[in-house]
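Novice: Here it is, the structure, as structure tokens.
The values are calculated or read from the model by the stated rules, or taken from the named source; none is laboratory data. Just so it is clear, the structure is predicted and the values come from calculations on it, not from any experiment. Cβ coordinates were reconstructed from backbone atoms using ideal geometry, including for glycine residues, and neighbour counts include every protein chain displayed. Accessible surface is based on the protein model in full, side chains and every heavy atom, while ligands, DNA and RNA are left aside. Shrake-Rupley method; radii C 1.70, N 1.55, O 1.52, S 1.80 Å.
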Amino acid sequence: MPDQPVSFARGAPAPELIPASELADCAHAVALREGASVFSYGPGGGYGPLREWVAERHGVESRRVVLTVGGLLGFVLYAGELLRRRPGRVLVEGPTYDRPLKVLAREGAEVVPLPMDDEGLDPDGLARELERNAAPASFLYTIPTFQNPSGRTLSAERRRRIVEIVTAHGLPVLEDDPYGLVRYEGEPQPSLHELEGGRLVTYTSSFSKTVAPGLRTGYFVLPEDEAEPFEERAVSTYISPPFLAQATIAEFIERGRFQPNLERVRDGLRARRDAMLGALERSFPATASWSRPQGGYFLWLDLGPGGDAASLAARAAEAGVAIVRGSDFFPPGSSAGTSAARLAFSFEPPERIADGIARLAELL
Ligand SMILES: Cc1ncc(COP(=O)(O)O)c(C=O)c1O
């Protein structure tokens, strides 16, 4: 067994993918240049120059952009506001990112998982759910690109259909896209936000996967009339965000480091994804199947009919390999995902990935 367990559980970047010394230099420069303002309270919507950079990329006015303390806390603010304004069930992909499921459970929301397949969320499943229930749903939460946990990406055709369906029903959508820029092959897809025009769709992303998660900087591009209440919620929750972190990212961008760093991150992740896919193909039984993501951090393993991923996760932990069982990505009480597991390839180096997959294969 390796000294340290092999972690396929953590959706975190490998330390070598974080540009630490460049960020240290940027932080030092902005602290000296901007002085007390980056160590003080300030606008709840975040550091002006970074807000403007995001606004320009998304073709909106900067008052519609709120920089949040990580994307996840932004989710807490968004869900709280929507559930107050439009009480009702929250529609999610089945499976979906587990942390928002915990937030929604805490809010007491009814969560409805919608069917998805290799092409992402099934638009017919969404339409059926909306037609079956007369009461309006609160919002749809979707991660269309390199989804956490499945690594799947919604096809362009489905994106258009989903926009048609939510428009017909006036359903607000939260499009969570922290992995979209971390694409290492294939053609980028249009965002739901672009296709719909940002009236119902709120777009959120984060600098966690493109720069560094410890800077805790996410952002929300909100519909015209939702930006102000969202920002007020941020202010009443944490007064203002950490400006030094946001100004450090702005300086990193200003120095032209964003794109070259992204290329480096993509190369590092592609090598890790290839190591995992190669090892799965070499050693896993034909009854198992898995997604083949073109970007992001994760792939979704299905052990096939009767497969017991909870038992595999427990035995894998004893063998020094951490994985997350698929049922964690469905609402509590659901019986789905029992034969599946999420495997993150973002953290471990390629050699350890190959070793960890070989250990899992022995257990099967
Ligand atoms: C789909 C998705 N949304 C949001 C986040 C939150 O990112 P952060 O809070 O670091 O910005 C993550 C992190 O793993 C994620 O996978």
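Novice: Return the only residue of GLY306, GLY356, GLY326, GLY278 being out of contact with any Asp or Glu (no Cβ under 6 Å at 6 or more places or on another chain) and at positive phi.
Specialist: The conditions single out GLY306.
Novice: Kindly indicate whether TYR78 is crowded, with 19+ Cβ neighbours inside 10 Å, in contact (Cβ under 8 Å) with a residue 60 or more places away in the chain, in contact with a Ser or Thr (Cβ under 7 Å, 6 or more places away or on another chain) and closer than 30 Å to HIS193 by Cα.
Specialist: Taking the combined requirement at face value, the residue satisfies it.
Novice: Report, ordered by the first and then the second residue, all pairs with beta carbons closer than 9 Å, sequence separation of six or more or different chains, a first member in the range 15-29 that is open to solvent by less than 80 Å² (accessible area, probe 1.4 Å), and a second member that is of a type in the set (Lys, Arg) and assigned to a helix (DSSP H, G or I).
Specialist: What qualifies is LEU17/ARG264; PRO19/ARG264.
Novice: Related question: Tally the residues that are in contact with a Leu (Cβ under 8 Å, 6 or more places away or on another chain) and more than 11 Å from the ligand (Cβ to nearest atom), restricting the search to the range 71-81.
Specialist: Qualifying residue count for the region: 2.
Novice: Follow-up. Taking TYR179 and the conditions (1) out of contact with any helix residue (DSSP H, G or I) (no Cβ under 9 Å at 6 or more places or on another chain); (2) of a type outside the set (Gly, Ala, Ser); (3) open to solvent by 40 Å² or more (accessible area, probe 1.4 Å), which numbered condition does it fall short on, given that it satisfies the others?
Specialist: (3)
Novice: Go over the candidates ILE353, ILE357 one by one and state the one that is assigned to a helix (DSSP H, G or I), open to solvent by less than 40 Å² (accessible area, probe 1.4 Å) and closer than 25 Å to GLY180 by Cβ.
Specialist: Selected residue: ILE353, the only one of ILE353, ILE357 that is assigned to a helix (DSSP H, G or I), open to solvent by less than 40 Å² (accessible area, probe 1.4 Å) and closer than 25 Å to GLY180 by Cβ.
Novice: Examine the range 192-200 for a residue that is more than 13 Å from the ligand (Cβ to nearest atom), closer than 19 Å to VAL92 by Cβ and open to solvent by 20 Å² or more (accessible area, probe 1.4 Å), and state whether such a residue exists. Break it down stepwise before answering.
Specialist: First pass over the range 192-200, keeping only residues more than 13 Å from the ligand (Cβ to nearest atom): 192-200.
From what's left, closer than 19 Å to VAL92 by Cβ: 192-193, 196, 200.
Retained after the next criterion (residues that are open to solvent by 20 Å² or more (accessible area, probe 1.4 Å)): 200.
So far as the range 192-200 goes, yes, one or more of its residues are more than 13 Å from the ligand (Cβ to nearest atom), closer than 19 Å to VAL92 by Cβ and open to solvent by 20 Å² or more (accessible area, probe 1.4 Å).
Novice: So which of ARG10, ARG63, ARG33, ARG57 is within 16 Å of the ligand (Cβ to nearest atom) and open to solvent by 70 Å² or more (accessible area, probe 1.4 Å)?
Specialist: ARG10
Novice: Still on this structure, please answer the following. Show the residue pairs that are 6+ apart or on different chains and have beta-carbon atoms under 8 Å apart, the first residue being within the range 227-252 and more than 19 Å from ARG63 (Cβ to Cβ), the second being surrounded by fewer than 23 Cβ atoms within 10 Å (Cβ to Cβ) and among the polar types (S, T, N, Q).
Specialist: Here the result reads PHE252/ASN261, each pair linking the range 227-252 to a residue that is surrounded by fewer than 23 Cβ atoms within 10 Å (Cβ to Cβ) and among the polar types (S, T, N, Q).
Novice: Within the range 254-295, can you find the residues that are β-branched (Val, Ile, Thr) and under 18 Å from ILE353 (Cα atoms)?
Specialist: Just the residues of the range 254-295 that are β-branched (Val, Ile, Thr), to begin with: 265, 287.
Selection gives VAL265 alone.
Novice: Now a separate question. Go through the range 321-339 and count every residue that is in contact (Cβ under 8 Å) with a residue 60 or more places away in the chain, open to solvent by less than 40 Å² (accessible area, probe 1.4 Å) and part of a loop (DSSP other than H, G, I, E, B).
Specialist: 5
Novice: How many of the residues in the range 119-177 are within 16 Å of the ligand (Cβ to nearest atom) and at negative phi?
Specialist: So the count comes out to 20.
Novice: Next question. Filter the range 201-237 down to the residues that are within 16 Å of the ligand (Cβ to nearest atom) and open to solvent by 40 Å² or more (accessible area, probe 1.4 Å) and list them by number.
Specialist: Passing the criteria: GLY214, ARG216, THR237.
Novice: Out of (1) within 17 Å of the chain's Cα centre (by Cα); (2) among the polar types (S, T, N, Q); (3) in a loop (DSSP other than H, G, I, E, B), the odd one out for THR68 is which?
Specialist: (3)
Novice: Looking only at the range 51-66, decide whether some residue is in contact with a Pro (Cβ under 8 Å, 6 or more places away or on another chain), more than 29 Å from ASP122 (Cα to Cα) and touching a residue at least 40 places away in the same chain (Cβ under 8 Å). Lay out the reasoning, then the answer.
Specialist: Looking only at the range 51-66, we keep the residues that are in contact with a Pro (Cβ under 8 Å, 6 or more places away or on another chain), and these are 64.
Okay, now just the ones that are also more than 29 Å from ASP122 (Cα to Cα), so 64.
From what's left, touching a residue at least 40 places away in the same chain (Cβ under 8 Å): 64.
Among the residues of the range 51-66, at least one is in contact with a Pro (Cβ under 8 Å, 6 or more places away or on another chain), more than 29 Å from ASP122 (Cα to Cα) and touching a residue at least 40 places away in the same chain (Cβ under 8 Å), which makes the answer yes.
Novice: OK, next. Output the residue which, of all residues in the range 265-281 that are touching a residue at least 12 places away in the same chain (Cβ under 8 Å) and open to solvent by 50 Å² or more (accessible area, probe 1.4 Å), is farthest from VAL211 (Cα to Cα).
Specialist: ASP274
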